[in-house]
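Undergrad: Can you keep this structure in mind? I'll have questions shortly.
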Amino acid sequence: MLTDNTYSPARACPLAAIPGWDLETDVVVVGFGAAGACAAIEARQAGAGVVVLEVAGVGGGSASLSGGEVYVGGNGGTDVQREHGFEDATEDFQKYLMLAGGPAADAERVGTYADNGVAHFNWLREQGVPFKGTYLPGKWIEPTTDDTLLWSGNEKSWPYLDQAKPAPRGHTVQFVGWGGGQVLMETLCARAEELGAQVRYDSRALTLVVDERQRVVGVVTREAGTPRFVHARRGVILCAGGFISNSAMVERFVPSALDCELQVSAGNDDGSGIRMGMSVGAATLNMQEFFATLPFFPPASLVKGIFVNERGQRFVNEDCYHGRAAHHVLRQPNGRAWLLVDNEIFGRPVIQEDIQVAAVGETWQEVEEELGLPSGALVHTVEEFNRLAADGRDPYFHKTAEWLRPLTEPPFAALSYCKGDFQGHAFTLGGLATLPSGEVLDGDAQPIAGLYAAGRTACGLPRWGEDYCSGLSLGDSTFFGRLAGRSAAVGS
């Protein structure tokens, strides 16, 4: 008797071993998060029958826990950008995305996204996603207002500022408080079902089914404890998230992420989609990359502080995106780093209220001694920083004038960002190699017949944790989920 223990994501099931199809459709989508919902919408609008297999009892996936920011721009700017005086040339948008993608940036994928960013934003609104249209100035990790437009990356910090004209590109769903992603996903999931996508909740995809030519022709799933066999006449789209919830995969591929205790996940980013792709010969990309953040603001005044390591040395421009700062903090010797602040800018991080004050003093020498740092090291660093900041300069790390001021008002303090004193947040960025249109590629960069992927199951736009920006994953997942849905609806 066949049971779900017979199947594994790491081993494809031959068609000859299938006793018969329980369900047949054109396109099977595995996962009902941002990528899966948009794939289902586009496939249905292309006239294909769609079945969605969702392991949870509700849709939304990890995207439902996000801030609801979508990173879009170019083509002169969205109407929201233009309304608030921001022109956003496609060339600048594309340059920034290439920088954010790091050494492994995909120029074809970036170009496709940059050319279609404004149209994609308009498409989201056409599906019913609400955007208020207002602008929120300042520096935020996630807006708690219902405003739309904000600065959500490294656009205004060095070295990006020198290479691409900055513009705010974070477009946030209208929602008051934390977690606007819930509204985004409720809207997109409802739209997919309204268009006729058949969503099977509490359905765990176990393995892919391949025919004698190694074409992907279906999925084995488990429902109510029983294996079910679902035939996909045109294609299967894997949108099952990343692998941050799979400790064995994290230890194998991206052990540095273990320094972050908190998973940015709804709990089902177990890597099963990636493993299913690998089981039929799919190549993977950037499995060592991850997003990380150590929230050190708001209040935004803390950005005016400076990070130092156990040698008393600075190592990053603190006005960069918090994820970039986090990666630099995590790389410091012996996992030890502190944020130095003075009385004028002091304020405990709102979203990490239990941050430890490691040292306090009336002089920087007292702070240095309390931290046990080499004599004179921290004092020299602060004195040099203060001297240059008073002249409006930061030649070593290029912090911009908006956040540059001497730390001269006692008492002084050091907030601990030493390993074990904070809770970092992380999710993975590596995944299956795909064409921008969604086809999964094998080790020879050839499409695997019948298989598509998008979202964090694929390696998309966000490829370098150090230069990630808020909204990039939602933008990538929703847009390339759409392209995968279109491609699968046609079939290969």
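The values are calculated or read from the model by the stated rules, or taken from the named source; none is laboratory data. Keep in mind the model is a prediction, meaning the values are calculated, not measured. All Cβ positions, glycine included, derive from the backbone under ideal geometry; neighbour counts span all protein chains shown. Calculation scope for accessible area: heavy atoms of the full protein, side chains included, ligands and nucleic acids excluded. Shrake-Rupley method; radii C 1.70, N 1.55, O 1.52, S 1.80 Å.
Undergrad: Antiparallel versus total DSSP beta bridges in the chain: what percent is that, nearest 5?
TA: Working: 43 of 66 bridges.
Close to 65 percent.
Undergrad: Take the alpha carbon gyration tensor of the stretch 126-230, find the square roots of its eigenvalues, order them as a ≥ b ≥ c, and report rounded if a/c is under 1.5; if not, report prolate when a/b exceeds b/c, else oblate.
TA: prolate
Undergrad: Determine the distance separating the Cα centre of the stretch 162-193 from the Cα centre of the stretch 119-144; give it in Å without decimals.
TA: Each part reduced to its Cα centre gives a spacing of 5 Å.
Undergrad: In the stretch 187-277, what GluC sites (Glu not before Pro) fall in a loop by DSSP, with at most 10 other Cβ atoms inside 10 Å?
TA: Values: sites: Glu193, Glu194, Glu212, Glu223, Glu251, Glu261; in loops: Glu212, Glu261.
For GluC sites (Glu not before Pro) across the stretch 187-277 that sit outside H, G, I, E and B with at most 10 neighbouring Cβ atoms in 10 Å, the list reads Glu212.
Undergrad: Say R0 is 35 Å: what FRET efficiency, to the nearest 0.05, do Gln288 and Asp115 get from their beta-carbon distance? Don't skip to the end; give the middle numbers.
TA: Details: r = 29 Å, r/R0 = 0.84.
So the FRET efficiency works out to roughly 0.75.
Undergrad: Please give the per residue accessible area of the chain, computed with a probe of 1.4 Å over protein heavy atoms only, in Å².
TA: 36 Å²
Undergrad: Would you mind giving the average projected area, over all directions, of the Cα convex hull of the stretch 272-354 in nm² with one decimal?
TA: Mean shadow area of the hull around the Cα atoms is 7.6 nm².
Undergrad: To the nearest 10 Å², what's Arg405's accessible area with a 1.4 Å probe?
TA: 40 Å²
Undergrad: Between Ala205 and residues 5 or more places away or on another chain, which pairs have amide H atoms under 5 Å apart, with H built 1.01 Å from N, and which residues are they?
TA: So Ala205 has HN proximity to Arg222.
Undergrad: Can you give the angle from 0 to 90° between the axis of helix 107-126 and the longest principal axis of the chain, with both taken from C-alpha atoms, to the nearest 10?
TA: Once rounded, one gets 80 degrees.
Undergrad: Along the stretch 444-458, what does the Karplus equation 6.51 cos²θ - 1.76 cosθ + 1.60 (θ = phi - 60°) give for ³J(HN,Hα), rounded to whole Hz, x for Gly and Pro?
TA: Taking θ as phi minus 60°, the curve returns 9, 6, 9, x, 8, 4, x, 10, 9, 7, 7, x, 6, 5, 9 Hz for the stretch 444-458.
Undergrad: Quickly work out the Asn122-to-Glu366 label distance, labels modelled 7 Å from Cα along the C-beta direction, and quote it in nm with one decimal.
TA: Simple spin-label model gives 6.2 nm for this pair.
Undergrad: What dipole magnitude, in Debye to the nearest 20, does the chain give about its Cα centre under +1 on Lys/Arg Cβ and -1 on Asp/Glu Cβ?
TA: 1260 debye
Undergrad: Return the calculated 222 nm mean residue ellipticity for the chain, to the nearest 500 deg cm²/dmol, obtained by summing -39500 (n - 2.57) across DSSP H runs with n ≥ 4 and dividing by the residue count.
TA: Working: 11 runs with 128 residues, N = 492.
Roughly -8000 deg cm²/dmol at 222 nm, from the helical runs in the chain.
Undergrad: According to the Kirkwood expression over distinct Cα-Cα pairs, how big is the hydrodynamic radius of the chain, in Å? Spell out each step's value before the answer.
TA: On the way: mean 1/r = 0.0429 Å⁻¹.
That comes to 23.3 Å for the chain.
Undergrad: Can you tell me the FRET efficiency between Asp202 and Asn386 if r is taken as the Cβ-Cβ distance and R0 is 41 Å, rounded to the nearest 0.05? Walk me through the intermediate numbers first.
TA: On the way: r = 59 Å, r/R0 = 1.45.
The value I calculate is 0.10.
Undergrad: Spin-label point model (7 Å from Cα, Cβ direction): what's the Thr226 to Ser256 distance in nm?
TA: 4.8 nm
Undergrad: Right, something else. Mind listing which GluC sites (Glu not before Pro) in the stretch 16-124 are in a DSSP loop and have 16 or fewer other Cβ atoms within 10 Å?
TA: Sparse-neighbourhood loop GluC sites (Glu not before Pro): Glu87.
Undergrad: Could you pull out every residue, at least 5 positions away or on a different chain, whose amide H is within less than 5 Å of the one on Tyr135? Hs are placed 1.01 Å off N in the peptide plane, and Pro or chain starts have none.
TA: Amide H neighbours of Tyr135, under 5 Å, 5+ apart: Thr148, Leu149.
Undergrad: With a 1.4 Å probe and all protein chains kept in place, how much accessible area does Leu65 have, in Å² rounded to the nearest 10?
TA: 110 Å²
Undergrad: Roughly how many percent of the accessible protein surface of the chain is carbon and sulfur, given a 1.4 Å probe and a whole-percent answer?
TA: Carbon and sulfur together cover 48 percent of it.
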